[in-house]
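Here the structure is laid out as structure tokens; the discussion comes afterwards.
Throughout, read-outs are computed from the coordinates displayed, never taken from laboratory work. What you see is a predicted model, and the numbers here were worked out from it, not measured in a lab. Here the Cβ positions follow ideal geometry from the backbone for every residue, glycine too, while neighbour counts run over all protein chains shown.
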């Protein structure tokens, strides 16, 4: 058995460049990714007889020439530099020049990351794809299952992007009392000889290097330099990163990443961590560290508030027999909460933060998924970056995955919205705007770096048809283009817009149908059977449809023409002091408002605001009084009331005919 470095030949196969996809994934967040991936692997390897995993990060300064196999490795970098510079590859040349300079320095940094109370890496001298070989030999895969993380095996690349030379040594003492140590270089292809083109082809390496048993690229029981740095006496695994390239603030960066991603693990006493000179971070002092780094982890700190507040509410649900969903939610109008739910595994590790739940309620929550089957199901939908779920990744049954994703999101949303009923005493000061409430689409994005929530208001769908130039202008038409009897002759309109508006009646009296208007109305009015239209201020013909009593709606009742109500001399528009609209179920809403004056009699309109700023009245299905006025009576798209006192809050509930989400405005009018 020979001990040293070996870079296998690629046998005239693929040449490995400097842009390693696995390593590039973590560039820019090197130390954060390292902290996340190492602790994730350690939690997955916990000894079943232990309750807590301990992980330690320690940096050392060593003589560079003490690197195992230093001269040979340095010579390999020289060969790689000479080859790639001759190829005019600027990126590779710059990287290799920096690596050469670092190796030429007298001193180098080494970071040791060690775990305890784990099983260690099993089967280090076997030929399987689990344990030791899964970490050191298998690329792009993992044998983990159930609620274990790291299904893509990409996390094993994180240590290499923290090394100037892409050089890492592993060591383990496993529960079977086996010891193993090996150096791995995820480097770049280079030829052993460059005398001729044939030499280059025949001697090109794969770019992977191994320090240990050179005969079979196997580990060896002990590497003395690792023992000189720190002896391993307890079961567990060590990762030594040579040429550690972190900035001076690496300790803070590592701690913040640990607090953000393993807050629940530490809180539940499943993980404790020590970073260099800092005290051990565990459940006993978590609050202290969260407060110290509060500003640095401001996007995640609201989750800690939800976790620890006595006002948080806890909800549980069995999810199709696979496991239990445990949701903890804090609603507080006095705190700057992030309106997101943190999704975690059984181990407490963060998966991602679910957003776009509701914009109108200040809340933060934590969802813990318990059960191996439940975690396994959703784990298959995770992206390689572990930052969101995508139903298309669940290859067994994509439709089922999509259904379960939607069901999970709706349960979270409905649970959060239900909590709004407990906060009637709180108000939001706005100028007539009740609030925007929406549910996200089926795909659940976890982009926690974005604080902007998209506003999707699907008020209507427009289909544009060009007029035949030979036809004359004018006329009123059905949605399929057929002429309605009346003035104007048999001709097509100049441009027909089919407007599908939720809550309207079509010519057959069915809800959710379409009516037609066209431009160039020319101030004309059309009447025919169940149709009636007159031009608006732009010359467009608004098609009026029968009301509930068979009468045509007047201008003040016409959807899409709410300004006519405000301008009608029969009513007096009232600016509100405070108003809040909360969605309490799919099509049920709760409203609270106060008026700056007493109103003996009047009505309320619920208006939706389109993307172009235009307002349209929503058709009310039902309304009922809760408090603050004598009566509430619903009439088509109005809610009539009696006796509102000045500055006294009134509350009522109403429902719509559909469950679409709207940007809503509440308008109050006094009868003159």
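Given axes a ≥ b ≥ c from the Cα gyration tensor, I'd like to know whether region 633-672 is rounded (a/c under 1.5), prolate (a/b larger than b/c) or oblate. Kindly include the intermediate steps, with their values, before the conclusion.
On the way: a/c = 2.13, a/b = 1.71, b/c = 1.25.
Note, shape of region 633-672 comes out prolate.
Report the FRET efficiency, 1/(1 + (r/R0)^6), for residue 291 and residue 233, where r is their Cβ-Cβ distance and R0 is 41 Å, rounded to 0.05. Write down the numbers at each step before the final one.
On the way: r = 35 Å, r/R0 = 0.86.
The value I calculate is 0.70.
Where does each of 282-289, 86-93 land if you order them by average Cβ count within 10 Å, highest first? Show your work: numbers first, answer last.
Values: 282-289: 15.0, 86-93: 13.2.
Ranked by mean Cβ neighbours within 10 Å, highest first: 282-289, 86-93.
For region 2-16 and region 569-590, write down the distance between their C-alpha centroids in whole Å.
The distance from the Cα centre of region 2-16 to that of region 569-590 comes to 72 Å.
When a/c is below 1.5 the answer is rounded, else prolate if a/b is larger than b/c, else oblate, so apply that to region 143-270 with a ≥ b ≥ c taken from the square roots of the Cα gyration tensor eigenvalues.
Values: a/c = 1.98, a/b = 1.59, b/c = 1.24.
It comes out prolate by the Cα gyration axes.
Please give the peptides 97-105, 49-57 ranked by average Cβ packing (other Cβ atoms within 10 Å per residue), highest first, as a rough proxy for protection.
On the way: 97-105: 15.3, 49-57: 17.6.
Descending packing order for the listed peptides: 49-57, 97-105.
Relative to the present Cα-Cα distance, how much length would full extension add between residue 372 and residue 29 at 0.36 nm per residue of separation?
Working: separation 343, 0.36 × 343 = 123.48 nm, distance 3.01 nm.
Full extension of this stretch gives 120.5 nm more.
Run the simple label-point estimate for residue 194 and residue 129 please: 7 Å along Cα→C-beta, distance reported in nm.
My value for the distance between the label points is 3.7 nm.
Let a ≥ b ≥ c be the square roots of the eigenvalues of the Cα gyration tensor of region 564-671; is it rounded (a/c under 1.5), or, if not, prolate (a/b larger than b/c) or oblate? Walk me through the numbers before you get to the answer.
Details: a/c = 1.61, a/b = 1.22, b/c = 1.32.
Judged from the Cα gyration tensor, region 564-671 comes out oblate (a/c at least 1.5, b/c at or above a/b).
Of all alpha-carbon pairs in region 298-431, indicate the percentage at a distance above 19 angstrom.
So the pairs more than 19 Å apart make up 50 percent of the total in region 298-431.
Report the full-extension gain for the segment residue 222 to residue 647: residue separation times 0.36 nm, less the Cα-Cα distance, to one decimal in nm. Intermediate results must be reported in sequence, preceding the final value.
On the way: separation 425, 0.36 × 425 = 153.00 nm, distance 7.97 nm.
Full extension from residue 222 to residue 647 adds 145.0 nm.
Need one number: nm distance between label points at residue 82 and residue 336, each 7 Å from Cα along Cα→Cβ, rounded to one decimal.
With each label point 7 Å from Cα toward Cβ, the separation is 5.9 nm.
Evaluate the Debye formula for region 3-246 with equal point scatterers sitting on the alpha carbons, no solvent, and hand back log10 of I(q)/I(0) at q = 0.08, 0.10 Å⁻¹, in q order, two decimals.
For the requested q values the scattering log ratios are -0.29, -0.46.
So what is the relative contact order for region 298-431, in percent, with contacts set as C-alpha pairs under 8 Å and at least six apart? Don't skip to the end; give the middle numbers.
Numbers: 206 pairs, mean separation 28.1, N = 134.
Relative contact order for region 298-431 comes out at 21 percent.
Could you sort 116-124, 9-17 so that the peptide with the highest average Cβ count within 10 Å comes first and the rest follow in order?
Numbers: 116-124: 22.0, 9-17: 13.6.
In descending order of packing, they fall as 116-124, 9-17.
Let me have the relative contact order for region 41-191, percent, based on Cα pairs under 8 Å that are six or more residues apart. Provide the component values of the computation, followed by the final result.
Numbers: 194 pairs, mean separation 37.8, N = 151.
Once divided by the residue count of region 41-191, the mean separation gives 25 percent.
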